[in-house]
Amino acid sequence: MWVIDASVAIKWFFEEEDGSLLAYRVLGLLVQKPDLFMVPTLFFIEFAAVALKKSKDVNASSLALDRLYRLGLHAVPEGEKLLAKALQLSHKFELSLYDGLYLAVASLMKAHWLTADERAVRRLPPSLALSLRNFDASP
């Protein structure tokens, strides 16, 4: 199971992003096997913020967000247990609370966090997170 970071999803809509081809492999697997993927609800907020910043076009950002929702990603809502775990992990690994939230979802759901944030991955044991550049979508 995988928890997809917004840094991966943004590459599906902005082809000039480094790592877009790798991100498309993730998207292909997501379309084939949607039950393998999940996100915290924060994912959609982060995605929308980055899409608007990159495109500077509210209509294009809205369209991208709509397409993202249509993928049917399972969104794990934030709650007391999840936020407590995120705080703990953020502190332990010196991550932002946002990154800690992805990691908390992965931890609680026995999944791995898939992110394009190399800096964050370097702070974590390999059992918790994987860099997009190391993702293998083959069966």
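Taking every full run of DSSP H in the chain, the ones that stretch at least 15 Å from end to end by Cα along their long axis and average 0.5 or higher on the Kyte-Doolittle scale are 20-32, 42-55, 97-108.
The Kirkwood hydrodynamic radius of region 1-66, based on inverse pair distances between different Cα atoms, is 12.2 Å. Out of V58, V76, V105, any idea which swings most in a Gaussian network model of the chain, alpha carbons joined below 10 Å? Between V58, V76, V105, it is V58 that shows the largest mean-square fluctuation. Which net charge results for the neighbourhood of V39, defined as the other residues with beta-carbon distances under 11 angstrom from its beta-carbon, given Lys and Arg at +1 and Asp and Glu at -1? Its environment carries a net charge of -2. Between D136 and K56, the contour length at 0.36 nm per residue exceeds the Cα-Cα span by 25.6 nm.
Over region 2-134, what is the relative contact order in percent, taking alpha-carbon pairs closer than 8 angstrom and at least six residues apart? It comes to 30 percent, rounded to a whole number. For region 2-134, the Kirkwood hydrodynamic radius comes to 14.8 Å, computed from all pairs of different C-alpha atoms. Taking 17 Å as the cut-off, the amide N atoms of region 97-121 that come nearer than this to a point 7 Å along the Cα-to-beta-carbon line of K81 belong to 101-111.
Read-outs: derived from the displayed coordinates by stated rules, not from any lab. Computed from a prediction, not measured in an experiment: that's the story for all the values here. With ideal geometry, Cβ positions are generated from the backbone for all residues, glycine too; neighbour counts draw on all protein chains shown.
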